[in-house]
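Encoded as structure tokens, the structure appears first; notes follow it.
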Amino acid sequence: RTQAEMAHTCRGTINLSTAHIDTEDSCNIVLSNGGRTYHLKANSEVERQRWVTALELAKAKAIRMRNNQSDDSGDEEPASQSDKSELHGPLKTLSSKLEDLSTCNELIAKHGAALQRSLSELESLRLPADSGEKIKAVNERATLFRITSNAMINACRDFLDLAESHSRKWQRLLQHEREQRIRLEETIEQLAKQHNSLERACRGAPGLASGTASISSTAKGSVQSAKGEASDEDEETEYFDAMEDAPAFITVTADPKHHRRSGSNLSGASEGHPEDWNLEDSVFESSNQSSYNESTGRDLLPRKRRRSRIPDKPNYSLNLWSIMKNCIGKELSKIPMPVNFNEPLSMLQRLTEDLEYHELLDKAVKCESSTEQMCFVAAFSVSSYSTTVHRTAKPFNPLLGETYELDRLEELGFRSLCEQVSHHPPAAAHHVYSRRGWTLWQEITIASKFRGKYLSIMPLGAIHLEFHSSGNHYVWRKVTSTVHNIIVGKLWIDQSGEIEIVNHKSKDKCQLKFTPYSYFSRDVPRKVTGVVSDADGKAHYVMSGTWDEKMECSKIVHSSHGSTSTEGKQKTVYQTLSPKVLWRKYPLPENAENMYFFSELALTLNEPEERVAPTDSRLRPDQRLMESGRWDEANVEKQRLEEKQRAVRRRREAEAVEALEEGKEYEGYIPLWFERKVDAVTGELICVYKGGYWEAKDKQDWSVCPDIF
């Protein structure tokens, strides 16, 4: 008990820390403390010894508690007391266990000596010869036991002395590390404030953005430094950064008069010259569509008129610290968030938004060369990040069993279906079929961590793309997204990492590197570079651009080994034709800044539609209320839906326990429209579409759908 507890104990209580424990005979125990004495009697000597041992351990613990309270007493503030407790807790626990061990050793020594005396007394008695020999043997064993116990006691005492001698050093080291951590956090916060001040100063300074040199398509041997360190005499030169895990390389634009390319199926943009790239049998008319509504196919029906705006985002103030201070280190999917941090779309709809530039895949179908087709697939993989540059809000976490369909078969030639197949960890399965000759499927699990000043979002899982006519099967994975300035400054998003796209039929590869933003770098922000190579490792194309604006492709006509870089890597120099723009981002709609920076496709994703499944994200009430600007009602509805889902999960857990007790197998949640299979290409377990959804939609038979809303 603590000193405060001792002041309120019942009458007759003895403080064990100052008590004296003694034994009168084989069954009696004497417990005394000042003027109060208790005589206790056990049923047997064994029971008495158990009580004595327990009382001795309790006494040792009481003495330690008294000493700790006297050590901690002082004029320190409550915050420092808490910090000290956190710092010294492990050391105190170790010392407590060692003192318990020391107490047990003392008891062993005490009882060993008593046993030795008893055996010596028996040996001195007159007994038959056989009994004397046996007693002598027992005495010898008792002696060995005592020697061994003494050795153990000495070893434990040495260990205790060593731990005590080092405890002060450990405390100083821990305290030093803690102070260093606090100073580092303060420094980082100060740097963040200075960073914001510098950004504001840069925005206010005139003419800073005019230093970016444009690359002329007729430049001969043009080279541009990857660091942007271009002087007057080399401002027409162009370099590309190397990936960390790939050989370093430089590209040099070749003279179009000396290099012609014939018979190409890859053609395209307004930047190039006809003599550079043969435009006959063009794969696409142009990659510079000015808006989302211009890329229609001739073989498809006219597009249905869809909404072009949603209600403006309300201007609600929110104290970020009041919500985030207890969330550090936790997984984002397990933190109860108000809709103030959301955008009125679910994660399933954001996943579907990757199809905004689906026409890149339609054009890739027409490529005869697998390496040229790889260029379009690479551009498509980068285009999915273009919508994230201003989208700092968090999409709604889908409920288990929630679905989302995007049926554009008659307008755009494809139909898409997503389903939330797991809740913890959150996982969504996605399947897209295009009548233009390709199928895409994926299962994405989102791992996210809030680290106080930034949020890391790590999509896990592979994306599969197969072209029907050629059988080319492409597989790649997404990069890490990071939301910066969570605490101080304006939120902004960066993409970083590498994507390796592999054609498992032809073994072609494309290595794409997303360069992370650096304040000290003069490089182009949001830069993406890469090389397309065949199965033999021969490079055919250089990919370059930014993930928020455009991607270009340059045909390699010659390669050679250059100088060795400062990191010791030998650079490869690629001589290329003028670049062609494969993909360019569509401009945002008017007033997009007040509509969550939604693109034209995103504005239509939550538009109400008839005949969809009752589990469709469009029917989710909290999301609909938020889109309408009724955030308070949306928060109440969001909590209701989450509690309903928790109740369903608890019921499933109870069913699982019941099945286990009965010796039965419990399958758990089974997805409605997807099933788990081992992928033949990657060997991973993945959810694939098993069919039945579109047939159920035609019949309007949704009897298998659960009531999740």
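Here are a few things to note about the model shown:
- By accessible area with a 1.4 Å probe, ligands and nucleic acids excluded, highest first: order of 55, 588, 577, 173: 173, 588, 55, 577
- Accessible area in square angstrom per residue, the stretch 412-530, 1.4 angstrom probe: 38 Å²
- Built amide H within the under 5 Å cut-off of residue 416, gap 5+: 406, 407, 408
- When the listed pairs 509/677; 507/677; 585/638; 571/677; 41/97; 507/585 are checked against a 31 Å cut-off, the alpha-carbon distance exceeds it for 585/638; 571/677.
- The GluC sites (Glu not before Pro) found in the stretch 409-478 that occupy coil by DSSP, while having at most 15 further C-beta atoms within 10 Å, are 410, 411.
- What the Cβ-Cβ distance of residue 684 and residue 646 gives, at R0 = 22 Å and to the nearest 0.05, is a FRET efficiency of 0.15.
- Counting only heavy atoms of the protein chains and using a 1.4 Å probe, residue 36 has close to 100 Å² of accessible surface.
- Estimated inter-spin distance, residue 666 and residue 99, nm [label 7 Å along Cα→Cβ]: 4.5 nm
- Taking amide hydrogens as placed 1.01 Å from N in the peptide plane, the amide H of residue 497 sits under 5 Å from those of 514, each at least 5 positions away in sequence or on another chain.
- With the simple spin-label model, which puts each label point 7 Å out from Cα in the Cβ direction, the residue 411 to residue 701 separation comes to 2.9 nm.
- Phi to ³J(HN,Hα) by Karplus 6.51 cos²θ - 1.76 cosθ + 1.60 over the stretch 662-678, Hz, x for Gly, Pro: 8, x, 9, 8, 10, 7, x, 6, 10, x, 6, 10, 10, 9, 7, 9, 7
- Length, then width, then depth: along the principal axes, the Cα atoms of the stretch 565-709 run 70, 46, 39 Å.
- Percent accessible area from carbon and sulfur atoms, the stretch 360-404, protein chains only, probe 1.4 Å: 47 percent
- Most positive-pole-ward Cα, 702, 673, 688, against dipole of the stretch 571-709 from beta carbon charges: 688
- Rounded to whole Å, sorted largest first: equivalent-ellipsoid semi-axes of the stretch 464-512, Cα gyration tensor: 35, 10, 6
- Coordinate range along principal axes, alpha carbons of the stretch 425-558, Å, largest first: 51, 42, 25
- Alpha carbon convex hull of the stretch 362-489, projected area averaged over orientations, nm²: 9.0 nm²
- Here residue 561 and residue 639 are evaluated by their C-beta separation; at R0 = 56 Å the FRET efficiency comes out at 0.35.
The values are calculated or read from the model by the stated rules, or taken from the named source; none is laboratory data. In this text, all values refer to a predicted model and were calculated from it rather than measured experimentally. Neighbour counts run over all protein chains shown; Cβ positions are idealised from the backbone, glycine included. Remember, those area values only see protein heavy atoms, side chains included, never the ligands or the DNA or RNA. Shrake-Rupley method; radii C 1.70, N 1.55, O 1.52, S 1.80 Å.
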